[in-house]
Amino acid sequence: MDLKSVLPKRKEEERYFWSLAIEPEWVSAGIWKLTENKVQVISVSPSSSWHLDDELVSACDASCSSVVQNFPEEIDPPSKTVFGVVSSWVEDGEIKAEYLSKIKRVCSELSLEPVGFVVMSEALCNYFKAEEGGLVNAVFLGVFQDNLELSIFRLGKLVGVSQIARSVSVVEDVSEGLSRFKSDEAYPSRIILYNSKEGELDEIRQELIKADWENYKDIKFLHTPKIEIVPSDKKVHAVCLAGGAEMGNVEQIDTSSDLPVEPGMENVAADDKLDAQSNDTIRHETSNLTEPDSDISPEDFGFTVNKEDALGNEVAIASKFVEQKNAPQEEAQMPASPQKKTFTDKLGRISNLFSFFKRFQRHSENISESSVTMRLPTPKPLIVGFLILFLVTVGLFVFWWFFPKAEVSIYVSPKNIQEDVEIRVDSSASSSDFDDLLLAGGVVDESLSEDKSVSTTGTKVVGDKASGEVTIYRSGSSLKLDKDTLIKGPGSLNFSLDEEINVASGSVLTRGVTKAKVTAKEIGAQYNLAAGSTFTVANYSNADMEATNESAFSGGTSREVNAVSEADQKKLFDDLQSEIQSNLKEKLSGKIPDSQVLIADSITYSLTNKEFDKKVGDEGTTLSLSLELKADGVTVNKNDIEKLGLKYLSQRVPTGYSLKNNQIESDFTYQTKEDSVYNLKLIVSANLLPQVDIDKIRKNITGKFPNTAEEYLKNNVPGYERVVIKFLNINLPGRLGTLPRVPGNIEISVSADK
């Protein structure tokens, strides 16, 4: 009886597809199919590393081989492939020629048929959109060896992408990338990290969590951003979902496989399913979500393909990969065998050995009873034991050779170089003359008026003057006393006449008597003299003329109040002037384009208005000032500074180090000005990292013990400080604990030591 006739048949309409997620230095693959209104991911590979073009093909081959290990033998592996790439590979909706050739080579050597591509950050954004059920507000940060790729999404729409060369501080790099997006809106308070080195991502996540974003004036978040990490397999899921959005009306993604499990693999399949389910949940921040108002379309996923044909049975190959020529019509009639080249054929000697036993087993099951003409003798137990021992030994050797992976982080000390150059900046020049150290500059100006009030700190005594009447006694001829004539009282208390008077004449026996009104010279109650006090009139002696008061003086009072002091005015002016100058400097900096640099030392300030509301000595508890200043400054082109800096710094770069434009820092010191020419001192500096041949290092430390590798790095890496060697999946003991013997299993990074 033919058992195949009673076994359930697979749907003939089922079609399987490849997804290849290609990042700088890493590749991962997956197989998926369309099931009703969802994408079902069958299997996803671990990430494989690559550096050169030849290694890219090998890495894709290794990833695909890992996937087809769990793919049923009776089903042919697919050929149609969706590619996920980083945004730096794409320009104007097309894959750049330099990268298109790489993908064509992969397709040619692995017999793949490209159907389209998707940008990784856009695919991830819409994967989160499908998983979380709402539009995503987030910053997606791709972390690669030489650069960061920062993409901002608001309400699921791409705002922009920025490529940032990596420096010593990832926080500074992220702040630089965010500041390139000039906007009054706050940035999304959610940062999602992705690459294939989860160990590195966790370190970066901790750095971003510790960052004090309030110190960056150009960066505004509504609250402290939440930092998340995308697991490596989710990138492949995102590419699969993007492909499914084009192939059919996809609403969700399913990462559990319903393919038949080969004998002996039940536990593995169950574990894989549990792992897939456990990894399927990604925590998210609900405040970043907005309910979508329309169904998900392929364009929302950033998917780039040609349209389907009229029947929708076949997806046309994207014009990005195939030249628009008349394709041979006989292609459908060609034998299928050359197109069904499976990736298991490329696994190498060891995988072929196990494939042989699988084929032998399947072949023996298909032999009918009638075809058996003899019985084979039963192997002796000793032979079976040796065979098992041999297979175990080979398996352990293969495990020890191929399985271990390690991450080698090399930390070097940056070398600082600096050069001081006397230059001139001419605001009237149309072009720069580097040989003559003359830079063309521009003039920018701005005015600003502000008000400020402070509390007064001075004091003064206020009150009323005492007054009264005196009787003047005269011995001699009559005379006239002018107004304000001094009347000296007891205790050096002085008074003055309120009006002019004529003093009557008199003799020694009969003195002339004249009444007069007097007022104290100063305020205060001490001038309220009692009756009977004696006074001296002007410079006359008491024998000639004297005065007394018959009634007590009254009305003299005093009290201490707040008043404006000279120090109050000076401090208020200095403080407000400093604030306005600082604000003017910011306004000038914001007024110039990004391609220009404002020379801070060249800024001059002039006073255009100054007005206090009170004079010195005025009574009051507050003092207000209205002040207006005008600022003028000189700007120069950034490229001119970098060119001039390269001209002088390149001569000082030591052997083994490299200098790049983005490493140059500059500062200016103002000296003199002659008409439109500013004489300045330009200080250019750079922190240099040593040139390191990563491939050479990987080759020389492969299979070495950690202490031997450390000694090699110490002697061969310029500026070496330390190394951290981390075994990613297993750390074997003793003599087995070497670095991986497969170069591709060693990740190497070089960064500045903090």
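The values are calculated or read from the model by the stated rules, or taken from the named source; none is laboratory data. This is a predicted model, so every value here is computed, not measured. All Cβ positions, even for glycine, are placed from backbone atoms using ideal geometry, and neighbour counts span all protein chains on display.
Which residues, taken from the stretch 682-709, are surrounded by fewer than 19 Cβ atoms within 10 Å (Cβ to Cβ), farther than 30 Å from Leu644 by Cβ and of a type outside the set (S, T, N, Q)? Break it down stepwise before answering.
To start, the set of residues in the stretch 682-709 that are surrounded by fewer than 19 Cβ atoms within 10 Å (Cβ to Cβ) comprises 683, 685, 687, 691, 693-696, 699-700, 702-708.
Applying the additional criterion that residues be farther than 30 Å from Leu644 by Cβ yields 693-696, 699-700, 702-708.
Within the stretch 682-709, Asp693, Ile694, Asp695, Lys696, Lys699, Gly703, Lys704, Phe705, Pro706 meet the criteria.
Quick one: Tyr678 ticks every box in (1) loosely packed, with under 14 Cβ neighbours inside 10 Å; (2) under 28 Å from Arg652 (Cβ atoms); (3) over 34 Å from the mean Cα position of the chain (by Cα) except a single one, so which number is it?
If we test Tyr678 against (1) loosely packed, with under 14 Cβ neighbours inside 10 Å; (2) under 28 Å from Arg652 (Cβ atoms); (3) over 34 Å from the mean Cα position of the chain (by Cα), just (1) comes out false.
Please tell me if Ser582 is in a helix (DSSP H, G or I), exposed (fewer than 15 other Cβ atoms within 10 Å of the Cβ) and free of Cβ contacts under 8 Å to residues at least 60 places away in the same chain.
On the way: in a helix (DSSP H, G or I): yes; exposed (fewer than 15 other Cβ atoms within 10 Å of the Cβ): yes; free of Cβ contacts under 8 Å to residues at least 60 places away in the same chain: yes.
Criteria met by Ser582.
How about the stretch 560-578: which of its residues are closer than 30 Å to Ile523 by Cα and either in a helix (DSSP H, G or I) or among the acidic types (Asp, Glu) (or both)? Talk me through it step by step, then tell me what you get.
Within the stretch 560-578, the first condition is being closer than 30 Å to Ile523 by Cα, and the residues that meet it are 560-570.
Within the stretch 560-578, Glu560, Glu566, Ala567, Asp568, Gln569, Lys570 meet the criteria.
Identify the single condition in (1) touching a strand residue (DSSP E or B) at 6+ places or on another chain (Cβ under 8 Å); (2) free of Cβ contacts under 8 Å to residues at least 60 places away in the same chain that Asn745 does not satisfy, given that it satisfies every other one.
Single failed check for Asn745: (2).
For the stretch 622-674, give me the residue count where each residue is part of a loop (DSSP other than H, G, I, E, B) and either hydroxyl-bearing (Ser, Thr, Tyr) or under 28 Å from the mean Cα position of the chain (by Cα) (or both). Give the steps one after another, and end with the answer.
Quick first cut of the stretch 622-674, residues part of a loop (DSSP other than H, G, I, E, B) only: 653-656, 659-660.
Subset that is either hydroxyl-bearing (Ser, Thr, Tyr) or under 28 Å from the mean Cα position of the chain (by Cα) (or both): 655, 659-660.
Within the stretch 622-674, residues that are part of a loop (DSSP other than H, G, I, E, B) and either hydroxyl-bearing (Ser, Thr, Tyr) or under 28 Å from the mean Cα position of the chain (by Cα) (or both) number 3.
Considering each of Ala429, Ala440, Ala406 in turn, give the residue that is surrounded by 14 or more Cβ atoms within 10 Å (Cβ to Cβ), in contact with a Pro (Cβ under 6 Å, 6 or more places away or on another chain) and of a type outside the set (D, E, K, R). Outline the logic, then answer.
Values: Ala429 fails: in contact with a Pro (Cβ under 6 Å, 6 or more places away or on another chain); Ala440 fails: in contact with a Pro (Cβ under 6 Å, 6 or more places away or on another chain).
Going through Ala429, Ala440, Ala406 in turn, the sole match is Ala406.
Given the condition farther than 30 Å from Leu20 by Cα and surrounded by 19 or more Cβ atoms within 10 Å (Cβ to Cβ), answer yes or no: does some residue in the stretch 245-258 qualify?
So in the stretch 245-258, the residues farther than 30 Å from Leu20 by Cα come out as none.
Looking through the stretch 245-258, none of the residues is farther than 30 Å from Leu20 by Cα and surrounded by 19 or more Cβ atoms within 10 Å (Cβ to Cβ).
Yes/no per residue for (1) touching a Ser or Thr at 6+ places or on another chain (Cβ under 6 Å); (2) farther than 20 Å from Asp498 by Cβ; (3) surrounded by 16 or more Cβ atoms within 10 Å (Cβ to Cβ):
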| residue | (1), (2), (3) |
| --- | --- |
| Ala516 | no, no, yes |
| Ile523 | yes, no, yes |
| Tyr527 | no, no, yes |
| Val537 | no, no, yes |
| Met545 | no, no, yes |
| Thr548 | yes, no, no |
| Gly556 | no, no, yes |
| Glu560 | yes, yes, no |
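Of all residues in the stretch 672-713, which are basic (Lys, Arg) and under 17 Å from Lys415 (Cβ atoms)? So that I can check it myself, show each step before the final result.
In the first step, residues of the stretch 672-713 are kept if they are basic (Lys, Arg); the result is 673, 681, 696, 698-699, 704.
Correct list: empty.
Return the residue satisfying two criteria in turn: it lies in the stretch 698-747 and is among the β-branched types (Val, Ile, Thr) and assigned to a helix (DSSP H, G or I), and of such residues it is nearest to the chain's Cα centre (by Cα).
Residues of the stretch 698-747 among the β-branched types (Val, Ile, Thr): 701-702, 708, 717, 723-725, 730, 738, 742, 746.
In the following step, the residues that additionally are assigned to a helix (DSSP H, G or I) were identified as 701, 708.
On the way: Ile701: 34, Thr708: 38 Å.
Among those residues, the one meeting the criterion is Ile701.
Quick one: is Ser685 among the hydroxyl-bearing types (Ser, Thr, Tyr), under 30 Å from Ser447 (Cβ atoms) and in contact (Cβ under 8 Å) with a residue 24 or more places away in the chain? It would help to see each step written out before you state the result.
Details: among the hydroxyl-bearing types (Ser, Thr, Tyr): yes; under 30 Å from Ser447 (Cβ atoms): no; in contact (Cβ under 8 Å) with a residue 24 or more places away in the chain: yes.
Considered against the rule, which asks whether it is among the hydroxyl-bearing types (Ser, Thr, Tyr), under 30 Å from Ser447 (Cβ atoms) and in contact (Cβ under 8 Å) with a residue 24 or more places away in the chain, Ser685 comes out as no.
Kindly provide the set of residues from the stretch 180-197 that are surrounded by 15 or more Cβ atoms within 10 Å (Cβ to Cβ) and not basic (Lys, Arg), ordered by number.
Answer for the stretch 180-197, where residues must be surrounded by 15 or more Cβ atoms within 10 Å (Cβ to Cβ) and not basic (Lys, Arg): Phe181, Tyr187, Pro188, Ser189, Ile191, Ile192, Leu193, Tyr194, Asn195, Ser196.
Given Lys647, Lys660, Lys591, which one is modelled with pLDDT under 90, closer than 23 Å to Asp436 by Cα and among the basic types (Lys, Arg)? Please lay out each step first, then the result.
On the way: Lys660 fails: closer than 23 Å to Asp436 by Cα; Lys591 fails: closer than 23 Å to Asp436 by Cα.
On inspection, the qualifying residue turns out to be Lys647.
Is it the case, given these coordinates, that Ser496 is surrounded by fewer than 17 Cβ atoms within 10 Å (Cβ to Cβ) and either modelled with pLDDT under 95 or within 60 Å of the chain's Cα centre (by Cα) (or both)? Steps first, please.
Numbers: surrounded by fewer than 17 Cβ atoms within 10 Å (Cβ to Cβ): yes; either modelled with pLDDT under 95 or within 60 Å of the chain's Cα centre (by Cα) (or both): no.
Criteria not met by Ser496.
In this structure, is Pro77 in contact with a Pro (Cβ under 6 Å, 6 or more places away or on another chain), part of a loop (DSSP other than H, G, I, E, B) and not hydroxyl-bearing (Ser, Thr, Tyr)? Spell out the reasoning first.
On the way: in contact with a Pro (Cβ under 6 Å, 6 or more places away or on another chain): no; part of a loop (DSSP other than H, G, I, E, B): yes; not hydroxyl-bearing (Ser, Thr, Tyr): yes.
The answer is no for Pro77.
Does Phe128 satisfy the condition of being in contact with a His (Cβ under 9 Å, 6 or more places away or on another chain) and modelled with pLDDT of 90 or more? Even if it seems obvious, please write down each step before you answer.
Details: in contact with a His (Cβ under 9 Å, 6 or more places away or on another chain): yes; modelled with pLDDT of 90 or more: yes.
So Phe128 fits the description; yes.
Just to verify a result, which residue in the stretch 134-159, among those that are closer than 30 Å to Gln691 by Cβ and of a type in the set (A, V, I, L, M, F, W, C), is surrounded by the fewest Cβ atoms within 10 Å (Cβ to Cβ)? Spell out how you get there, then give the answer.
Narrowing the stretch 134-159 to residues closer than 30 Å to Gln691 by Cβ: 141-150.
Pick out the ones that are also of a type in the set (A, V, I, L, M, F, W, C) and you get 141, 143-144, 148, 150.
On the way: Leu141: 26, Val143: 22, Phe144: 18, Leu148: 22, Leu150: 24.
Filtering the stretch 134-159 for residues that are closer than 30 Å to Gln691 by Cβ and of a type in the set (A, V, I, L, M, F, W, C), the one surrounded by the fewest Cβ atoms within 10 Å (Cβ to Cβ) comes out as Phe144.
Consider Tyr678 carefully, then state whether it is touching a Ser or Thr at 6+ places or on another chain (Cβ under 7 Å) and among the aromatic types (Phe, Trp, Tyr). Reasoning before the result, please.
Numbers: touching a Ser or Thr at 6+ places or on another chain (Cβ under 7 Å): yes; among the aromatic types (Phe, Trp, Tyr): yes.
It is true that Tyr678 is touching a Ser or Thr at 6+ places or on another chain (Cβ under 7 Å) and among the aromatic types (Phe, Trp, Tyr).
Gly719 passes all but one of (1) modelled with pLDDT of 85 or more; (2) crowded, with 18+ Cβ neighbours inside 10 Å; which number fails?
All conditions pass for Gly719, except number (1).
Where in the stretch 399-503 are there strands (runs of 3 or more DSSP E), lying fully within it, with 2 or more residues that are among the basic types (Lys, Arg)? Quick ask: steps written out before the conclusion?
Numbers: elements: 406-412, 415-426, 438-455, 458-462, 465-474, 479-481, 486-488, 494-497, 501-503.
Fully inside the stretch 399-503 and qualifying: 415-426, 465-474.
Tell me, yes or no, whether the stretch 466-484 has at least one residue that is loosely packed, with under 15 Cβ neighbours inside 10 Å, in contact (Cβ under 8 Å) with a residue 40 or more places away in the chain and among the hydrophobic types (A, V, I, L, M, F, W, C).
no
If you scan the stretch 504-530, which residues turn out to be under 17 Å from Thr548 (Cα atoms), in a loop (DSSP other than H, G, I, E, B) and in contact (Cβ under 8 Å) with a residue 60 or more places away in the chain?
Once the filter is applied, which keeps residues that are under 17 Å from Thr548 (Cα atoms), in a loop (DSSP other than H, G, I, E, B) and in contact (Cβ under 8 Å) with a residue 60 or more places away in the chain, the stretch 504-530 yields Asn528, Leu529.
Within the stretch 506-554, track down each residue that is among the β-branched types (Val, Ile, Thr) and touching a helix residue (DSSP H, G or I) at 6+ places or on another chain (Cβ under 8 Å). Walk me through how you get there before you give the answer.
Let us first name the residues in the stretch 506-554 that are among the β-branched types (Val, Ile, Thr), namely 508, 510, 513-514, 518-519, 523, 534, 536-537, 548.
Hit for the stretch 506-554 is Thr534, nothing else.
If I go through the stretch 93-118 residue by residue, how many of them are surrounded by fewer than 18 Cβ atoms within 10 Å (Cβ to Cβ) and not in a helix (DSSP H, G or I)?
So the answer is 5.
Starting from residues that are within 31 Å of the chain's Cα centre (by Cα) and surrounded by fewer than 20 Cβ atoms within 10 Å (Cβ to Cβ), keep the ones in the stretch 23-52 and report whichever is farthest from Asp254 (Cα to Cα).
Out of the qualifying residues, it is Leu52.
Among the residues of the stretch 205-224 satisfying the criterion of being closer than 13 Å to Leu178 by Cα and not aromatic (Phe, Trp, Tyr), which is surrounded by the most Cβ atoms within 10 Å (Cβ to Cβ)? Walk me through it before giving the result.
The first filter runs over the stretch 205-224 and keeps only residues closer than 13 Å to Leu178 by Cα, leaving 213, 216-221.
From what's left, not aromatic (Phe, Trp, Tyr): 217-220.
Numbers: Lys217: 8, Asp218: 12, Ile219: 18, Lys220: 14.
Looking at the filtered set, the residue picked out is Ile219.
Given the residues Ser121, Ser79, Ser87, which is the only one that is surrounded by 15 or more Cβ atoms within 10 Å (Cβ to Cβ), polar (S, T, N, Q), in contact with a Phe, Trp or Tyr (Cβ under 6 Å, 6 or more places away or on another chain) and in contact (Cβ under 8 Å) with a residue 40 or more places away in the chain? Steps first, answer last, please.
Values: Ser79 fails: in contact with a Phe, Trp or Tyr (Cβ under 6 Å, 6 or more places away or on another chain); Ser87 fails: in contact with a Phe, Trp or Tyr (Cβ under 6 Å, 6 or more places away or on another chain).
So the residue among Ser121, Ser79, Ser87 that is surrounded by 15 or more Cβ atoms within 10 Å (Cβ to Cβ), polar (S, T, N, Q), in contact with a Phe, Trp or Tyr (Cβ under 6 Å, 6 or more places away or on another chain) and in contact (Cβ under 8 Å) with a residue 40 or more places away in the chain is Ser121.
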